[in-house]
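Throughout, read-outs are computed from the coordinates displayed, never taken from laboratory work. Just so we're clear, the structure is a prediction, and the values are computed from it rather than from any experiment. Every residue, glycine among them, receives a Cβ derived from its backbone with ideal geometry; neighbour counts consider all protein chains shown.
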Amino acid sequence: MLGLTDMQPAESVFSFGLEYLTKAKSVIKEVAFQETVSILSTHRIWTTGMGKAGLIAKKLAVTLSCNSRPAAFIHAGEALHGDFGSIQTGDVLVAFSNSGMTDEILRVVTKAKLINAYVVLITGNANSELAKLSHSVICYGLVKEACPLGLTPTTSVLVMLAIADALAMEVQQMVGLTYDDYARNHHAGYLGQVAKERARS
């Protein structure tokens, strides 16, 4: 049977998550957030991140795509070995890095700036090198990870995900996505069926 000490890390996942999600909610009132919603509504989008932050970047890309925005995830490591050619002048690159110091992301963002792509950074460190390179910075501030070592991305990932979903939902509203639009992107599955039924009603 698990003792109280064994349960503490599990409890901290929820308590830290609630605490820092509440604090991070303030970013939706900031100019950088609103500017990002606007630009994601009108430009082709790439997202990137390494490790756990990369998984959140993928989530943002697929959520935007299912809501009729042209978006895709680009792996920073692969981008540095040729895939960067997918990013074009005028595209938007949304980068995720809790520390703002991820080497691969720094290199991709530097290249993106050289071709005049617009860079948005979602980070916990507004004073980082990545923040200085980015056109727009959505900063949720320092968070305490639920990991007993204080290292494994846990709280930071929850906060990044919330911000990514907040952006996607604001973009969905701004572009005026309809049930018909949603159904066209979901040819199969339960959500597609519901969207088609609501479009007909």
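Would you pick out the residues in segment 65-123 that are in a helix (DSSP H, G or I) and buried (at least 22 other Cβ atoms within 10 Å of the Cβ)?
Start the filter on segment 65-123 by keeping residues that are in a helix (DSSP H, G or I), which leaves 65-66, 76-79, 83-86, 103-114.
The answer is 76, 79, 105, 108, 109, 112.
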Does segment 52-63 include one or more residues that are buried (at least 18 other Cβ atoms within 10 Å of the Cβ) and more than 12 Å from residue 160 (Cα to Cα)?
-> yes
Are there any pairs, at least 6 apart or on different chains, whose C-beta atoms fall under 7 Å, with the first in segment 28-43 and closer than 15 Å to residue 68 by Cα and in contact (Cβ under 8 Å) with a residue 60 or more places away in the chain and the second in a loop (DSSP other than H, G, I, E, B) and acidic (Asp, Glu), and if so, which?
-> 43/91
Please give the number of the condition residue 170 fails out of (1) surrounded by 15 or more Cβ atoms within 10 Å (Cβ to Cβ); (2) on the phi > 0 side of the Ramachandran plot; (3) not hydroxyl-bearing (Ser, Thr, Tyr).
-> (2)
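Of the residues 144, 196, which single one is in a loop (DSSP other than H, G, I, E, B) and either free of Cβ contacts under 8 Å to residues at least 40 places away in the same chain or of a type outside the set (S, T, N, Q) (or both)? Steps first, answer last, please.
Working: 196 fails: in a loop (DSSP other than H, G, I, E, B).
Among 144, 196, only 144 is in a loop (DSSP other than H, G, I, E, B) and either free of Cβ contacts under 8 Å to residues at least 40 places away in the same chain or of a type outside the set (S, T, N, Q) (or both).
In segment 40-64, what residues are within 15 Å of residue 172 (Cβ to Cβ) and part of a helix (DSSP H, G or I)? First the steps, then the outcome.
Start the filter on segment 40-64 by keeping residues that are within 15 Å of residue 172 (Cβ to Cβ), which leaves 40-42, 45, 59-64.
The answer is 40, 59, 60, 61, 62, 63, 64.
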Give just the number: which of (1) under 19 Å from residue 153 (Cβ atoms); (2) touching a residue at least 24 places away in the same chain (Cβ under 8 Å) does residue 61 not satisfy?
-> (2)
